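Notes to accompany the following structure.
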Amino acid sequence: MSEKWLTGTVIENRHWTETLFSLRVEGAALGFEAGQFVRIALDTIEGNAGSRVARAFSFVNPPQDPVLEFYGVVVPEGPLSPRLARLRAGDALQVAANPAGFLVLREVPDAQTLWLVSTGTGLAPFLSMLRTDELWKRFRNVVLVHAVRYARELTYRELIGKTPARYVSFVSRESAPGSLAGRIPAAIADGRLEAAAGLELAPGNSHVMLCGNPQMLKDATAALVQRGMRKHRRRAPGHITVESFW
Ligand SMILES: Cc1cc2nc3c(=O)[nH]c(=O)nc-3n(C[C@H](O)[C@H](O)[C@H](O)COP(=O)(O)OP(=O)(O)OC[C@H]3O[C@@H](n4cnc5c(N)ncnc54)[C@H](O)[C@@H]3O)c2cc1C
Ligand SMILES: NC(=O)c1ccc[n+]([C@@H]2O[C@H](COP(=O)([O-])OP(=O)(O)OC[C@H]3O[C@@H](n4cnc5c(N)ncnc54)[C@H](OP(=O)(O)O)[C@@H]3O)[C@@H](O)[C@H]2O)c1
């Protein structure tokens, strides 16, 4: 069965840094849940669907917003991301018609505090969730954690600042006032993350959603397991939900 595609039109390609960009796309409105992703694509030979290069991207926009938004990083040798970064207003972007993914609030059990923990562009699905009513109805505290290499990569600050989320940032490759140094797993282990958020991170009060670099997911999960937390499964409820970007 052939996959169904919608042709959207880029209305903006914002460049935050030389490698980070945000695409806004209209004309391809889709039903999805905050936290999900969809495959987006470009044809190598224009008009030839056989030459299509597709990759998964998380929705940044909340479901109620018909303009789609995607947050990307240029992987220099990657087949798709450098081309996405070069798109301009008016260009076409193919969007698959079947959003998917389990990094959604529906899959998360109740907890006092929801920790949304990301590296790099792994921030994207949480930006969508932060703008849903469900999040604020269900959780007393929401902590958004964003870890990047350089301070200039701490994007979407204005949007985040308009939400009630507690924001904790990490900058790993330079010193940056207001951000924690080093990596997320070490800060979970030594209590620096809790101190920065002003909240306890324990199995009795927290659920943690992790998104981004697969090595961070692994190391952070190990640090959380040390605190008595475990991966969440439908049949065996736990405290950790993950989505790997590669
Ligand atoms: C469920 C899911 C959701 C995703 N959502 C996003 C998103 O919202 N934004 C986004 O930029 N990417 C996202 N990705 C990754 C995306 O699908 C592509 O892999 C990425 O855009 C690079 O594409 P490429 O064709 O240039 O290189 P690829 O051949 O796909 O990747 C080459 C290598 O680049 C590295 N890499 C890939 N993606 C990233 C990344 N995001 N950050 C840092 N290094 C990376 C990895 O080492 C990977 O092996 C997601 C992936 C999955 C599985
Ligand atoms: N960011 C850039 O300046 C840049 C520039 C050009 C191209 N790119 C492309 O983008 C890719 C990387 O993008 P990115 O910087 O967004 O993602 P990233 O490499 O995943 O780094 C984002 C953050 O995750 C941290 N991290 C990495 N491994 C971790 C682990 N095991 N546990 C906990 N934290 C971990 C990094 O810390 P550390 O710093 O300690 O690793 C950094 O703070 C590269 O492969 C490259 O292709 C990036």
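Compute the Cα gyration tensor for the range 1-66, then decide on rounded, prolate or oblate, letting a ≥ b ≥ c be the square roots of its eigenvalues: rounded whenever a/c is under 1.5, prolate when a/b is larger than b/c in the other cases, and oblate in all that remain. Before the final figure, lay out each step's value.
On the way: a/c = 1.80, a/b = 1.18, b/c = 1.52.
In terms of gyration-tensor shape, oblate.
Can you tell me the length gained on complete extension of the stretch Glu26 to Asn205, counting 0.36 nm per residue apart and subtracting the Cα distance? Write down the numbers at each step before the final one.
Details: separation 179, 0.36 × 179 = 64.44 nm, distance 3.98 nm.
That works out to 60.5 nm of additional length.
Under 15 Å from a point 7 Å along the Cα-to-Cβ line of Gln112: which residues of the range 200-216 have their amide N that close?
200-208
What is the range 94-236 by shape, rounded, prolate or oblate, if you read a ≥ b ≥ c off the alpha carbon gyration tensor as root eigenvalues and call it rounded for a/c under 1.5, prolate for a/b larger than b/c, and oblate otherwise? Could you put the intermediate results ahead of the total?
Values: a/c = 1.37, a/b = 1.10, b/c = 1.25.
Cα axes put the range 94-236 in the rounded bin.
Show me 85-93, 17-25 ranked by packing, highest mean number of other Cβ atoms within 10 Å first. Write out the running numbers ahead of the final one.
Numbers: 85-93: 14.2, 17-25: 18.4.
Ranking, from highest mean packing down: 17-25, 85-93.
Give the span of the range 30-125's Cα atoms along each principal axis, as three whole-Å numbers ordered largest to smallest.
The Cα atoms of the range 30-125 stretch 50, 28, 23 Å along their principal axes.
Hey, could you grab the Kirkwood Rh for the chain? Inverse mean 1/r over distinct alpha carbon pairs, Å, one decimal.
Numbers: mean 1/r = 0.0538 Å⁻¹.
By the Kirkwood definition, the hydrodynamic radius is 18.6 Å.
Note down the nm distance, to one decimal, between modelled labels 7 Å out along Cα→Cβ at Val75 and at Glu46.
2.7
May I ask you to compute the full-extension gain from Asp65 to Lys218, defined as 0.36 nm times their residue separation minus their alpha-carbon distance, rounded to one decimal in nm? Write down the numbers at each step before the final one.
Numbers: separation 153, 0.36 × 153 = 55.08 nm, distance 3.28 nm.
Additional length available on full extension: 51.8 nm.
Which of the peptides 173-183, 135-145, 28-38 is most tightly packed, and how do the rest follow, judged by the mean count of other Cβ atoms within 10 Å per residue? Spell out each step's value before the answer.
On the way: 173-183: 13.2, 135-145: 18.5, 28-38: 20.1.
By packing density, highest mean first, the sequence is 28-38, 135-145, 173-183.
Values in this text are rule-based calculations from the coordinates and carry no lab data. Only a predicted model underlies this, so the values are computations on that prediction, with no experimental measurement involved. Methodologically, a virtual Cβ is constructed for each residue, glycine included, from the backbone with ideal geometry; neighbour enumeration extends over all protein chains shown.
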